[in-house]
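The values are calculated or read from the model by the stated rules, or taken from the named source; none is laboratory data. Since we're looking at a predicted model, the values are computed, not measured. As a convention, Cβ positions derive from the backbone with ideal geometry for all residues, glycine included, and neighbour counts pool all protein chains shown.
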Amino acid sequence: MTDRLGFLVTTACLIGALCVVARSRTLPIVIGVEVLLATLATVDLIAMAAGHRPIEPATHAAYLATPVLVLPVAMTRVGKDDGRWARLLLGAAFVVCAVVVVRMTATGR
């Protein structure tokens, strides 16, 4: 289940990055991806509470917290500016989230 959800979140992050670069509305995209990231983190925490142990627990915990925090931090920087660099920053935050989710599914097996 976590692998499928991880794939869905990774795909949503990459689509979000493309939409931000294409100058679509950013707030609904960020909220949707953030909900998916929070769902993935919740499902993973429930699995860990049920007894599943990741290969590298400390690294996995860092990967679990990072994508949930990256987008809100990027939005605080982008909130006042709607220029080219703000969109690049938000697009990079989406790509970072996608990469971290892939690493999280790799260390969580």
**Prompt:** How many residues, within the stretch 1-23, are of a type in the set (Gly, Ala, Ser) and loosely packed, with under 12 Cβ neighbours inside 10 Å?
**Reply:** 1
**Message:** Being under 14 Å from the mean Cα position of the chain (by Cα) and surrounded by fewer than 16 Cβ atoms within 10 Å (Cβ to Cβ) is the filter here; which residues of the stretch 44-71 pass it?
**Reply:** 62, 65, 69
**Prompt:** So is residue 96 of a type in the set (Val, Ile, Thr), surrounded by 17 or more Cβ atoms within 10 Å (Cβ to Cβ) and without any contact (Cβ under 8 Å) to a residue 40 or more places away in the chain or not?
**Reply:** yes
**Prompt:** Do you know which residues across the stretch 25-40 are surrounded by fewer than 19 Cβ atoms within 10 Å (Cβ to Cβ) and either touching a Pro at 6+ places or on another chain (Cβ under 6 Å) or of a type in the set (A, V, I, L, M, F, W, C) (or both)?
**Reply:** 27, 31, 35, 38
**Asked** If the Cβ limit is 8 Å and pairs must be 6+ apart or interchain, which residue in the stretch 40-63 that is of a type in the set (A, V, I, L, M, F, W, C) pairs with which residue that is surrounded by fewer than 14 Cβ atoms within 10 Å (Cβ to Cβ)?
**Response** 41/65; 43/1; 55/109
**Asked** Just wondering, is there one or more residues in the stretch 79-94 that are within 21 Å of residue 15 (Cα to Cα), at pLDDT 85 or above and under 9 Å from the mean Cα position of the chain (by Cα)?
**Response** yes
